[in-house]
1. Enumerate the aspartates and glutamates that K212 could reach by cross-link, defined here as Cα to Cα under 15 Å, with residues fewer than 8 away along the same chain left out.
2. Relative to the present Cα-Cα distance, how much length would full extension add between E129 and I81 at 0.36 nm per residue of separation?
3. Anything over 29 Å Cα to Cα? Flag those among K80/K162; K132/K190; K130/K152; K132/K155; K155/K202; K106/K137, in the order listed.
4. Where only protein heavy atoms count, and the probe is 1.4 Å, what is the accessible area per residue for the range 76-152 in Å²?
5. Please compute the length gained on full extension between R120 and Q182, using 0.36 nm multiplied by the number of residues separating them and subtracting their Cα-Cα distance.
Amino acid sequence: MKMPILESSLFGRLRPEKGSQAGLAAIAFPLVVLALVVLWGLAAVPAAYAEVPNAVPPKGSYDGEIVPQPIEFPHDIHTKINKINCMYCHTYARRSKVAGIPPTSKCMGCHTVIATDRARIKKLTSYWEKGKPPVWKKVHDVPDFVHFTHEKHLKRFVFDNKGMEVENVYEVCAFCHGDMTQRTVAHKVKPLNMGFCVRCHKANGGPSDCWKCHK
């Protein structure tokens, strides 16, 4: 007795008949469907993690509050559209613990001539003319007893990482800061707690000595 459900299913309807072209098609069609599903799944992998070789992105997410900033700085325009390297503005990241905030003079190096009619730039220019920098509020922070250094992490995942292109450094930044190519102002989207760091160290061969991170 045949099961009606099986007969009406995709594979039931296309059950091959030996020696017929329809039979071969019945075998090939599900395989093509399966291949398309696999390819779709691969395409769905977040682009922010697609270009970092020899690395396992840390798992974990966090729904941080929106921190009001003096100017709604558009990370997406600078990184995604204008292709500006994260380290151009956060220039200390490759040589110190902190990433740093660029001085207003660096912003004005471009914005004395670019987008001067935009509200954000007018506000920035106002700060510049008054000789006062915008008071940016910190979004990503760790407790004082945690010794985190941008320099060593960039060395591991970018500069000493064979096959990693420096222009794709935003992919590494996304490990802890989320995909900044898709956002304007930053807000915390990763937990940045001990479990998050330990999982990353275990997955990527980082040190497990307590004193490496706690001073």
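1. Straight-line reach from K212, under 15 Å: D144, E151.
2. On the way: separation 48, 0.36 × 48 = 17.28 nm, distance 2.77 nm.
In short, 14.5 nm is gained.
3. Over 29 Å Cα-Cα: K132/K190; K130/K152; K132/K155.
4. Values: 5430 Å² over 77 residues.
It amounts to 71 Å² per residue over the range 76-152.
5. Details: separation 62, 0.36 × 62 = 22.32 nm, distance 1.84 nm.
Computed gain between R120 and Q182 is 20.5 nm.
The values are calculated or read from the model by the stated rules, or taken from the named source; none is laboratory data. Bear in mind that the values here come from a model prediction, so they are computed numbers and not experimental data. The accessibility values were calculated without ligands, DNA or RNA, using every heavy atom of the protein model including side chains. Shrake-Rupley method; radii C 1.70, N 1.55, O 1.52, S 1.80 Å.
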